[in-house]
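Take a look at the structure set out below.
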Amino acid sequence: MQGELTQVFPTIMVQRTLDDVVPLNDRLYEIVLGRERSSEGLKASNAGGWHSSADLLEWAEPEIKVLEAKIMAVGREYTSRMLPSGIEGEAEVKVYGGCWANIMRDGGYKKFHNHRGAVWSGCYHVSTGKPTPQPDYNGWIEFQDPRSGNIHVARNASVRNPACY
């Protein structure tokens, strides 16, 4: 007896440069460092470094508004691309759980965590600093398969951040 093999719950990953935002990176860098100087920040998934409150997209600077507009546009684009053909209208995208800034310095890292309930999660690197050549995985970001109990495939995926090299 033959059956049909259908992929039902894929985990999609997108790597993309936000060309409209890249020219603003120096200014975004200054804005985030300024917030760090004026705020103690949160102790969340960061080990070392600084973690802002989840109100990044509410900051008043025009560069943050450009970043927000691009994040939302990309969210709509990829959500629309994932919908079955024939669905009319524009996908509605909302931020759930907030958006924040992180600063990691030498030796700092993000602890393992997940974003429960999120359809899309993302990170935008304003600056990756100057990675050292060692260890070999310096400048990579690691993702764990979000499906609990999935023992039949590799559980992690590591992606080199192209801004690092």
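Every number in this text was worked out from the coordinates using simple rules, so none of it is lab data. This is a predicted model, so every value here is computed, not measured. No Cβ is skipped: glycine too gets one built from the backbone with ideal geometry, and neighbour counts run over all protein chains shown.
Quick look at the numbers
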{"read-out": "Ascending count of other beta-carbon atoms within 10 Å, so fewest first, for Ile87, Ile141", "value": "Ile87, Ile141"}
{"read-out": "Residue-wise HN-Hα coupling along the range 110-125, computed from phi with Karplus coefficients 6.51, -1.76, 1.60 (Hz; x: Gly, Pro)", "value": "9, 6, 4, 7, 9, 10, 4, x, 8, 7, 10, 10, x, 9, 10, 8"}
